[in-house]
Amino acid sequence: MTHYHRHPSPATMSDLISNPKQSIVRSSDLVAVDMDGALVMLHIEQGSYHGLDGIGPRIWELIGNPISLDDLTATLCLEYDIDPATCRLDVSAVLEDMIRAGIVSVR
């Protein structure tokens with residue numbers, strides 16, 4: 001299960017879905033540590049912590065460099081042998097939480 005503190009963000013998931021070529025970018029204010037396959041992050045500026053498990057750590061790894069939703073989904077579809085519609089739904093749910101938490105942005 002993924003846990004986040006909710007913080008407002010100027011971008012929304014609908015912004016990303018309406019323009020899937022926009023780049024998803026990590027916040028530079030995070031320190032992340034792998035703990036037995038889960039990723040635990042501290043947002044230095046906000047003083048909040050965040051956790052990722054399941055597909056979340058792999059998404060985090062892939063967004064180490066700016067990447068579009070289309071490219072992110074395509075990569076994960078190949079790696080996890082999942083159909084594109086299901087993959088996009090799963091990825092969108094994780095990204096929506098990340099955007100709301102302020103740990104990624106869309107540009």
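For region 22-66, name all the residues that are closer than 23 Å to Glu79 by Cβ and polar (S, T, N, Q).
Gln22, Ser23, Asn65
If I go through region 41-90 residue by residue, how many of them are within 17 Å of Gly102 (Cα to Cα), surrounded by fewer than 16 Cβ atoms within 10 Å (Cβ to Cβ) and of a type in the set (Val, Ile, Thr)?
Count: 1.
For region 26-75, which residues satisfy the criterion of being in contact with a Gly (Cβ under 7 Å, 6 or more places away or on another chain) and of a type in the set (Val, Ile, Thr)?
Val40
Suppose we filter Arg88, Arg107, Arg100 for residues that are over 23 Å from Asp36 (Cα atoms), charged (D, E, K, R) and touching a Lys or Arg at 6+ places or on another chain (Cβ under 9 Å); which single one remains?
Result of the check over Arg88, Arg107, Arg100: Arg100.
Each value in this text was obtained by applying a stated rule to the coordinates, not by laboratory testing. It should be emphasised that the depicted structure is a prediction, and the values quoted were computed from it without experimental measurement. Note that we place each Cβ from the backbone using ideal geometry, even for glycine, and neighbour counts take in every protein chain shown.
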